[in-house]
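This report refers to the structure that appears directly beneath it.
Rule-based calculations on the coordinates, nothing more; no lab input. None of the values given here were measured: they were computed from a predicted structure. Glycine gets a Cβ as well: all are built from the backbone with ideal geometry, and neighbour counts include every protein chain shown.
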């Protein structure tokens, strides 16, 4: 069961791919490392924006199960927001 971890610094103009699709299901843990209550991070597909994405609150950790072939993307309303991601591939 391969595990991949990475930290991302998000921007406001373009979404960042935070977990690439795989041919097997994946369990993803995302953590919004921002401690400033004014920074907002959003996750979704490649078209995610600050108006369409799922908001992850400051200092919150979420578990997401991705189907095969599904990417996960993130964007922020503040340049420099930090997001930690752990992808666990199900073999």
- Message: I need to check one value: relative contact order of the chain, counting alpha carbon pairs closer than 8 Å and at least 6 residues apart, in percent.
- Response: 51 percent
- Determine, for 5, 51, 78, the number of other Cβ atoms within 10 Å of each Cβ, and report the residues in order from fewest to most. 51, 5, 78
- If you take the Cα Rg of segment 19-91 and divide it by 2.2 N^0.38 Å, with N the number of residues, what do you get? 1.09
